[in-house]
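None of the figures in this text is laboratory data; all of them are computed from the coordinates on show. What you see is a predicted model; the values in this text were computed from it and never measured. So basically every Cβ, Gly included, is an ideal-geometry build from the backbone, and we count neighbours across all protein chains shown.
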Amino acid sequence: MAEEIINRVANSKLKVIDLEDFYPDGKRIAFDIKDWLLEGLVLREKDFRNYVSEHNWSQYQDKYVALYCSTDAIIPDWAYMLIAVQLQNIARLSVIGNLEHLESIIYSQIISGLDTSDYADAPVIIKGCSNKPVPANALVLLSQRLKPIAKSIMFGEACSSVLLYKRKK
């Protein structure tokens, strides 16, 4: 007779958080403004404003947008602000930076709004491997958010984890 296999992890008080589960759907777009600059380097206000007013902003509906300039041009803050104003109420989110920075900001918002009451006084594992682009910064933010309430925080998988924090008795 074969013995029943018991999943000790499932029966433990251990709580597993997989940030991949919180990954929001929606296309991510990198918006390079270099083509709106004279020779990719000089921002001429009148021309730039014309590009902004004539651009088809509806193509960014419900998308996440990373605004950046791929050249070494000096871009005044108002230029990005002008674009962001156009994207407001169209895009889900727009930020200045690359796609990695965009993901970091998305996760920062998710983690700050996360209900952590289930993790109070519990041993918690923050799952390490994911198939979706979970930024390392999100892992740091989550561990910082959990430290005041969790009994312990580990990183990895239940079968192989690294202890990050354990509350002293």
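Structure notes:
- Its Cα centre serving as origin, the chain has a Cβ charge dipole (Lys and Arg +1, Asp and Glu -1) of approximately 860 debye.
- Remark: relative contact order (the range 28-91) = 45 percent; criterion is Cα-Cα distance under 8 angstrom and separation of 6 or more residues.
- Gap separating the Cα centres of the range 88-113 and the range 16-83, nearest whole Å: 13
- Those trypsin sites (Lys or Arg not before Pro) in the range 38-121 that DSSP places in a loop and that have at most 10 other beta carbons within 10 Å: none
- Rounded to whole Hz, the Karplus (6.51, -1.76, 1.60) HN-Hα couplings of the range 62-71, x for glycine and proline: 6, 10, 9, 10, 9, 8, 7, 10, 7, 9
- Measuring nothing but how far apart in sequence close Cα pairs (under 8 Å, 6+ apart) lie, relative to its length, the range 87-169 scores a relative contact order of 28 percent.
- Taking every alpha-carbon pair under 8 Å whose residues sit at least 6 apart, the chain reaches a relative contact order of 23 percent.
- Annotation: amide H-H contacts under 5 Å for Ile96 (H modelled 1.01 Å from N, sequence separation of 5 or more, or interchain): Leu67.
- Relative frequency of Cα-Cα separations exceeding 15 Å in the range 28-91, percent: 47
- In the structure shown, the pairs Lys132/Lys168; Lys127/Lys168; Lys15/Lys169; Lys15/Lys168 are assessed against 29 Å; a Cα-Cα span above that value is assigned to Lys132/Lys168.
- Scalar couplings 3J(HN,Hα) for the range 79-86, obtained by applying the Karplus form with A = 6.51, B = -1.76, C = 1.60 to θ = phi - 60°, are 5, 5, 5, 4, 5, 4, 4, 5 Hz; x denotes Gly and Pro.
- Calculated from backbone phi, Karplus (6.51, -1.76, 1.60) coupling profile of the range 34-45 in Hz, x at Gly/Pro: 4, 6, 9, 10, 5, 6, x, 10, 10, 8, 9, 4
- Taking the helices alone, the chain has a mean residue ellipticity at 222 nm of -8500 deg cm²/dmol, built from -39,500 (n - 2.57) per DSSP H run of at least 4 residues and averaged over all its residues.
- Rounded D (µm²/s) - the range 85-149, Kirkwood Rh over Cα pairs, Stokes-Einstein at 37 °C, 0.692 mPa s: 243
- The Rg/Rh ratio of the chain, with both radii computed over alpha carbons and Rh defined as the Kirkwood radius, is 1.16.
- Sequence-distant residues sharing a close amide H with Met154 (under 5 Å, placed H): Val124, Ile125, Ile126, Leu164
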